[in-house]
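Contents: one structure, followed by commentary.
The values are calculated or read from the model by the stated rules, or taken from the named source; none is laboratory data. Only a predicted model underlies this, so the values are computations on that prediction, with no experimental measurement involved. Cβ atoms come from the backbone with ideal geometry, glycine included; neighbour counts cover every protein chain shown. Ligands, DNA and RNA are excluded from the accessible area calculation, which covers all protein heavy atoms including side chains. Shrake-Rupley method; radii C 1.70, N 1.55, O 1.52, S 1.80 Å.
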Amino acid sequence: EVVPQAPAATDATLVLCQADATAFYCTAHQREAFDAVVTCYFIDMPKCVTECLDMVDHVLRPGGVWVNLGPLHYSMADDAGPELSYTEVLQYLQMRGYEVLSDVLKEVTYSRDQGSVMYREQYIVAWSALRKP
């Protein structure tokens, strides 16, 4: 397990941190700290997708933009939270005061044999959303 640590003070505008993002970013210090948030293959990783959505809402400033790309495969843990459909995720964002600027649901085929009779359908979801001021 990686214990999150605050990045060194620099003039950098990009922060990469391998850790539990909800534990690191859901602090008073990180509240409304970013003008933009990009999540890539991320929102389905925590045990509860709503915790991830709330975490991004916590760190994004009003008027900020959230861009997401990735699947909704969700955790298989016994204590996992609700598994929201893509439509429900977008509704949750709108309920939290976001304007969805664009959204795409696309089937991907990179992880399966095209000629196989049995395969698992996989989809990537992408959106950009503005946190209303």
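Key figures
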| item | result |
| --- | --- |
| Of all residues making up region 57-79, the number that are loosely packed, with under 13 Cβ neighbours inside 10 Å and either modelled with pLDDT of 90 or more or under 20 Å from residue 34 (Cβ atoms) (or both) | 2 |
| Near pairs, Cβ below 7 angstrom, 6+ apart or cross-chain, from region 17-36 (under 13 Å from residue 64 (Cα atoms) and open to solvent by 30 Å² or more (accessible area, probe 1.4 Å)) to any residue that is at pLDDT below 70 and in a loop (DSSP other than H, G, I, E, B) | none |
| Test: residue in region 80-96 that is modelled with pLDDT under 80 and not small (Gly, Ala, Ser) | yes |
| Number of the exception - residue 118 against (1) of a type in the set (A, V, I, L, M, F, W, C); (2) surrounded by fewer than 17 Cβ atoms within 10 Å (Cβ to Cβ); (3) at pLDDT 80 or above | (3) |
